[in-house]
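*Asks:* First the structure, then my questions, so here it is.
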Amino acid sequence: MASVLVLYHSQEYGNTKQMAEAVAEGASEAGADVALVNTNEHRYDAEAYRDVDAVAFGSPDYFGTIAGGLKVFLDDWYIARKKDRRGLGDKPFGLFYSHGGGGSARGPLEGFFGRMGTQVGETIESSGAPSEAVLTACRALGRELVGNA
Ligand SMILES: Cc1cc2nc3c(=O)[nH]c(=O)nc-3n(C[C@H](O)[C@H](O)[C@H](O)COP(=O)(O)O)c2cc1C
């Protein structure tokens, strides 16, 4: 069974959380074992990332970039990988983000996470609370990730 991680930050309204849950739903429907982790609640253990087959990263736009909790994960991942690369290299990944109307985090999101492997699908964007169309795209991303795991 494929192991899929949905690692996201959501703190203000739950907008990014709704998107993350839809990605997780799609991945579960496709038969994956899914871990859903909000970096606002937990610091994700970069060692656990070694066992992940595919991953989705989701962030709110904070000052035109990713949320600090996700940056902490990237820092932890980088340091763990310097010690031992096994399981921390190339993985299929998907991206999603929400913003308050300004929405300039796409560049930093794709830039930071581009180093994690090969992107699956397009980056999904939501202005404020996700619409049904956005949630449908998130579910499809979850299914697609499993197909690439
Ligand atoms: C600290 C902070 C900085 C933000 N900066 C921006 C910004 O630069 N551009 C923008 O469009 N929205 C910005 N927002 C709005 C959030 O990106 C938006 O409300 C998002 O949907 C919140 O996601 P969440 O409900 O999952 O926490 C900011 C919100 C916070 C709390």
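Read-outs: derived from the displayed coordinates by stated rules, not from any lab. The shown structure was predicted, so the numbers you read here are calculated from the model rather than taken from an experiment. Every residue, glycine as well, gets a Cβ built from its backbone with ideal geometry; the counts of neighbours run over all protein chains shown.
*Asks:* Magnitude of the Cβ-charge dipole of the chain, K/R +1 and D/E -1, about the Cα centre, nearest 20 debye?
*Replies:* Here the size comes out at about 520 debye.
*Asks:* Give, as a single signed number, the net charge of other residues whose beta carbon lies under 11 Å from the beta carbon of M1, with Lys and Arg counted +1 and Asp and Glu -1.
*Replies:* -2
*Asks:* Still on this model: Tell me which lysines have Cα within less than 22 Å of K17's Cα, excluding those fewer than 8 residues away on the same chain?
*Replies:* K71
*Asks:* Here's something else I'd like to know. For the chain, what is the convex hull volume of the alpha-carbon atoms per residue, in Å³?
*Replies:* 88 Å³
*Asks:* Another question about this same structure. Once both labels are modelled 7 Å past Cα along the beta-carbon direction, what's the E122-H42 spacing in nm?
*Replies:* Placing both labels 7 Å along Cα→Cβ, they lie 3.2 nm apart.
*Asks:* I'd like to know which of F73, A56, Y8 lies farthest towards the positive end of the charge dipole of region 3-148, counting +1 on Cβ of Lys and Arg and -1 on Cβ of Asp and Glu.
*Replies:* Going by the Cα projections, it comes out as F73.
*Asks:* Rounded, prolate or oblate: which fits region 1-60, taking a ≥ b ≥ c as square roots of the Cα gyration tensor eigenvalues, rounded meaning a/c under 1.5, else prolate when a/b beats b/c?
*Replies:* Cα axes put region 1-60 in the oblate bin.
*Asks:* While we're here: Just rank M19, M1, M116, fewest to most, by other beta-carbon atoms within 10 angstrom.
*Replies:* In order of increasing Cβ crowding within 10 Å: M1, M116, M19.
*Asks:* List I124, I79, I66 from most exposed to least, where exposure is judged by having the fewest other Cβ atoms within 10 Å.
*Replies:* Working: I124 22, I79 10, I66 26.
Going from sparsest to densest Cβ surroundings: I79, I124, I66.
*Asks:* Modelling each spin label as a point 7 Å along the Cα-to-Cβ direction, I'd like the T136/D76 distance in nm, to one decimal.
*Replies:* 3.6 nm
*Asks:* Mind giving me the FRET efficiency for Q11 and R86? R0 is 41 Å, r the Cβ-Cβ distance, nearest 0.05 is fine.
*Replies:* Efficiency computed from Cβ-Cβ geometry: 0.80.
*Asks:* Check the straight Cα-Cα distances from K91 and name the aspartates and glutamates below 12 Å, setting aside those fewer than 8 residues away within the same chain.
*Replies:* Excluding near neighbours in sequence, the set is D51, D53.
*Asks:* While we're on this one: With an 8 Å Cα cut-off and a minimum separation of 6 or more residues, compute the relative contact order for the chain in percent. Provide the component values of the computation, followed by the final result.
*Replies:* On the way: 322 pairs, mean separation 48.6, N = 149.
Relative contact order, the chain: 33 percent.
*Asks:* Over what distance in Å are the Cα centres of region 1-59 and region 85-149 separated?
*Replies:* 11 Å
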